Amino acid sequence: MKCSLWRRRRRVLGIWVTTLLLAGSVVAQSAAVNYIVSLTNPEQHLVGVQILLPEGPTRRELQLPVWNALYQVRDFAQYVNWVRAKDRAGRPLAVLKLDKSRWQITGAESGVIVEYQIFANSPGPFGAQLSEHHAFFNLAQILMYPVDARNSRLTLGFRSVPAQWHVATALRAGVDVWIADNYDELVDSPVEIGDFQESDFDEGGGHYRVIVDAEPGDYDGEKIVGDVRKIVATATSWMNDRPFESYMFFYHFPRGPAGGGMEHAYSTAIDLSAESLKGSSGSLTGVTSTNGSGALRGVTAHEFFHLWNVKRIRPQTLEPVDYTKENYTRALWFSEGVTSTAEGIIRLRAGLLDEKGYLSRLGDEITELERRPAHLTQSAEESSLDAWMEGNPYYRRAERSISYYNKGELLGTMLDLQVREASHGQASLREVFQWMNRHYAKEGRFFKDSDGVREAAEAVSHADLGWFFEKYVAGTDEIPWNDFFRAVGLHIVENPTTVPDAGFAASRNFDGPMTVEAVTPGGEAEHAGLHVGDTILEIQGKLPGPDLARLNPGDTVKVKVRARHAAERELNWKVGSREEKSYEVKDLENVTPAQSARRAVWLKGEAQPAGDTSR
C-alpha cells in the first residue's frame, strides 16, 4: 500500500521452536499447559497440534469443544484425523476415545505429550482456516483442553510458519510464546498468521491495532483507520469507560462471498467481501448508505461495543461457558440486539450516520419484523433461547421464527424512549448500559437475563417497567410504535408496495452457502424445478448476493443450484410480483419545539441536560 500509516509487521518467530522441543524446558519452568501449533500442510489445510501437559493424574481427559463463536453445535471433532500420546521419555500411552469429542490418556507417571492432526478450512470470523494464503484461528476449534486443568496457565507457540508470514493476536506476548491465564482467555483470542498489513494508533489512552488481510487495491486503509478511530473514541466516551489498554481489529476482505463479525474481549474479527465493501456504486463514501463503508462502519461499531455488552456485561446463563453442549440464554435480544441499538447511536454521534439514514434503518427493521408472521408467535426471549436452531433452513422461515438481532434492536430503541419518558428525560439507554457496567461488569457479576436488564432500566428511570418486559420481551404483543415515537415527533407510515417475487426464499447461515428455505407452491420457481434445501451457487451468473432484490417483475431469473448429492443444474423462470407493506419513520404533521428538543438529545444518545424541563 502507498500509505504512510501502513507497514509490514516484522517477523517475530525466530528460532524459539528449538527451545520448546528440546527437553521440554518450558514445561519445566511452571505447571503451565503448553500448546504448539504446526502449519505443516497448508495445501491440504492440515494443522498439527502438540499439547505438553505437566505432571498430574495418571489418567487424563482431553476435550475438544463442540461449539464456538456461533450459537450452533458444529462438532469440530469431525475434523480430527488421529490422536496419539506419549510420556516425557517418548513411550507410547494408551488413547481411548470416550465420546465424539473427548479422549482419555492413561499410563503416564510424569508429563504427557499429546499430538493430533486436524483439518482447518472454515474461512471467516467464525471459523478456523489454514491455507496457502494465510491462517486464521478461532482457537477453540482446533485446541483441545485438559478437563482437569482448564483453568491452568497456558502458553501457545507456532512452528513451520512460512518465512514471510507473521503473527497477530491479542494474547500477551512472552518469550517466543503467547500466554493466557486459562483456556477461556486463550480461545477468546483469535490469531491471524500471514502477510497482512497493520496500522497502529493511540486514542484516548488506548492502543489500537488494525490488521487487514486483503488485496491492497480492494480497500482504503487510511479511510478505514479514520473511521475506526472515530468509532472507538465515540464508544468509549459514550460508556465513559475503556476496560483495556490495547485492542485489535482483524479485517478480511476476500474476493468472494463473506460477511459477519465476531466479538472478543480484546479484539474482533470482521469479514466483508471486497465487492460489497465498495457498495453498489463502487464508492467507499457516504454516511447514509448501508452498503460499502456503511456496512463496514456498522459491523465495526457493533463488534467493538460487544467488548462491554456480552463480553463484560454478561448474562449469568452464559457463565461458565460449557464447551460440551448448548448454552441456553433468554438474553440474546439484549446482548446482540440492543448492541445493534448502541451501534446506531455510536455511528450517529461519530458523524458516520445521519438522521435520515438512521430513521431509514429503523423503518427497515420495523418492516423486517412486521413481515415475519412469527412475530405474533415467538417472543424475543424465545428467539434467544432457540438461537441453537439457526443453522436449520426451516427454522429460519418467516412463519417459524424472528431474529433476536432484529427485534432486540427495536426493543432497545423502544426501551430507550420509554426510559426517557419515565424519567422525564433524565435517563436514557446510555444510563442503562453505564449502570450495568458499574454494577455487573466492574463488580465481576453477571446479570439475570431479562430481569437484570429490567433491574437496570428501573434503577435509572425510577419507574416500574414490568409491563414493557412482559408484553414485548417475554410476550408477543404488537408493539404500538407510534406510542413510543410520538415523544420525539415521529410516527410510522405504512406503505403498500409492489415488490418482485422470485417465488422462493433463501438465506445463508452466517458464512455458509446460500440455501433455499421456501418455494412458493404452484409458482414459477417450483415449476422450474427449484426445491427446498437446494444450494444456490449463482444468481444471474454471479455469486449469491443482493442481485435478486434488484430484479423487476417480468425479468428472467437464472439460478444455478445444486441439490445434496446431485449434479449442478441451471434453472430459469420469470419473476412475478406481490403486494407487501413497508414502514417508514416520518415526522408528525406538526412537530412541537419540545418534541424537536427531545429528538435532538435522543439522536445524540444522551439524556436531557439537568435543569432542562422542556416536555
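Side notes on the structure shown:
- Selection within the stretch 414-472 - under 22 Å from ARG486 (Cβ atoms) and either aromatic (Phe, Trp, Tyr) or at pLDDT below 95 (or both): TRP467, PHE468, PHE469, TYR472
- In the stretch 572-601, the residues that are without any contact (Cβ under 8 Å) to a residue 24 or more places away in the chain and more than 27 Å from THR556 (Cβ to Cβ) reach residues that are exposed (fewer than 14 other Cβ atoms within 10 Å of the Cβ) and among the basic types (Lys, Arg) with C-beta atoms within less than 7 angstrom, at least six apart or across chains, in these pairs: ALA594/ARG615.
- Within the stretch 251-278, the set of residues being crowded, with 23+ Cβ neighbours inside 10 Å, among the charged types (D, E, K, R) and either within 15 Å of LEU296 (Cβ to Cβ) or more than 14 Å from the chain's Cα centre (by Cα) (or both) comprises just one member, ASP271.
- Verdict on GLU43 being in a strand (DSSP E or B), in contact (Cβ under 8 Å) with a residue 60 or more places away in the chain, within 23 Å of ASN138 (Cα to Cα) and of a type in the set (Asp, Glu): no
- Residue ID - nearest to THR515 (Cα to Cα), chosen from residues in the stretch 348-404 that are of a type in the set (Lys, Arg) and modelled with pLDDT of 95 or more: ARG400
- Matching residues, the stretch 479-494, being surrounded by 15 or more Cβ atoms within 10 Å (Cβ to Cβ) and within 31 Å of the chain's Cα centre (by Cα): ILE479, TRP481, PHE484, PHE485, ILE492
- Condition met for THR317 (surrounded by 22 or more Cβ atoms within 10 Å (Cβ to Cβ), at pLDDT 95 or above and assigned to a helix (DSSP H, G or I)): no
- When the stretch 75-107 is filtered for residues that are part of a loop (DSSP other than H, G, I, E, B) and touching a residue at least 40 places away in the same chain (Cβ under 8 Å), the ones remaining, listed by number, are ARG88, SER101, GLY107.
- Every residue from the stretch 162-218 that is in contact (Cβ under 8 Å) with a residue 60 or more places away in the chain, surrounded by 21 or more Cβ atoms within 10 Å (Cβ to Cβ) and in a loop (DSSP other than H, G, I, E, B): ALA170, VAL177, ASP188, SER189, PRO190, PHE196
- Looking across the stretch 483-518, just one residue is at pLDDT 95 or above and on the phi > 0 side of the Ramachandran plot, and that is GLY489.
- Identity of the residue in the stretch 226-236, surrounded by 20 or more Cβ atoms within 10 Å (Cβ to Cβ) and of a type in the set (A, V, I, L, M), that ends up farthest from LEU429 (Cα to Cα): VAL228
- Any hit, the stretch 444-461, residues being small (Gly, Ala, Ser) and without any contact (Cβ under 8 Å) to a residue 12 or more places away in the chain: yes
- Identity of the residue in the stretch 237-250, among the hydroxyl-bearing types (Ser, Thr, Tyr) and closer than 20 Å to ASP188 by Cβ, that ends up surrounded by the fewest Cβ atoms within 10 Å (Cβ to Cβ): SER246
- With respect to the conditions (1) within 17 Å of MET239 (Cα to Cα); (2) within 25 Å of the chain's Cα centre (by Cα); (3) without any contact (Cβ under 8 Å) to a residue 12 or more places away in the chain, ALA441 lacks only one, and its number is (3).
The values are calculated or read from the model by the stated rules, or taken from the named source; none is laboratory data. Computed from a prediction, not measured in an experiment: that's the story for all the values here. Here the Cβ is made from the backbone with ideal geometry for all residues, glycine too, and neighbour counts use every protein chain on show.
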